[in-house]
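Read through the structure below, which is laid out as structure tokens, and then see the notes.
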Amino acid sequence: MQARQQAYGNNQLNMQTAGRRDAAARRKQERIKKQRKRRRRFLMLLICVFVMLIYINRENIAVESFIPLDTGNVVYYSQRDSRWGEELYGRSGTIAEAGCGPTCLAMAASTLTGQSITPLDAAKWAVDNGQRCEGSGSFHSIIPAGGKHYGFSVEGVGRDREKILSALKNNEPVVVLMSRGHFTSSGHFILLRGLSPSGKVLVSDPMSKMRSIKTWELELIINESKAGATDGGPFWICRGE
């Protein structure tokens, strides 16, 4: 009798132990299922982001086009704007890809003349007048020649810091050709539109609103400007006539 009771107790203990093991196994399986579900969700999120980035790139939809940018009295244009970004600039390349020169020219011309001169207008003029440098962007002469065409004066001042600083203090647009550095990996025209209250430079970069909402040290811009630029560059002060 005692042996049967002991056997019965052992069976009960074994059943309880087995039950606990089964419960632990079920909990483990549930944790594994939840982990797998979270991994699938994360993977789907990554796929969605990847597909979205491909779509943005293919459709030339710049995320930063939604970034507000206050440039005061200076007209701002993005060379990647859907209104003209995919238009050819010459025989090869588009305004979005190679049109920083005509876009800066359009910003200066629109600001100083009060006319609505778009990057597409400036790009067509540049092509028709030999200012497009196929495979490389624009010739350095696009700014002084463009100023003459659109009716404002342009003074090439090289890297004369005092003249550049004086122009910015007077809120005169200054176009500058940049070389490798913070703004480009090769060559790139940008427009300087003045000084912040702290004395840093306000920039209108036709390729990037993100860089245009920042302020910059003048020394950095001078140091990264294109050494050996022709036609009075790499800095051109633009003034209304």
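The values are calculated or read from the model by the stated rules, or taken from the named source; none is laboratory data. The structure displayed is predicted, hence computed values, not measured ones. We place every Cβ from the backbone using ideal geometry, glycine too, and count neighbours over all the protein chains shown.
Only a single item in (1) in contact with a helix residue (DSSP H, G or I) (Cβ under 7 Å, 6 or more places away or on another chain); (2) closer than 22 Å to Gly99 by Cα; (3) charged (D, E, K, R) is not met by Arg159, and it is number (2).
Looking at Thr94, Thr113, Thr118, Thr103, just one residue is over 21 Å from Gly187 (Cα atoms) and under 20 Å from the mean Cα position of the chain (by Cα), and that residue is Thr118. A residue that is surrounded by 10 or more Cβ atoms within 10 Å (Cβ to Cβ), among the hydrophobic types (A, V, I, L, M, F, W, C), modelled with pLDDT under 60 and more than 37 Å from the chain's Cα centre (by Cα) can be found somewhere in the stretch 6-14.
It is to be established whether one or more residues within the stretch 143-152 are touching a residue at least 60 places away in the same chain (Cβ under 8 Å) and not in a helix (DSSP H, G or I). Yes, the stretch 143-152 has at least one match.
Within the stretch 169-224, the residues that satisfy the criterion of being among the polar types (S, T, N, Q) and assigned to a helix (DSSP H, G or I) are Ser212, Asn223.
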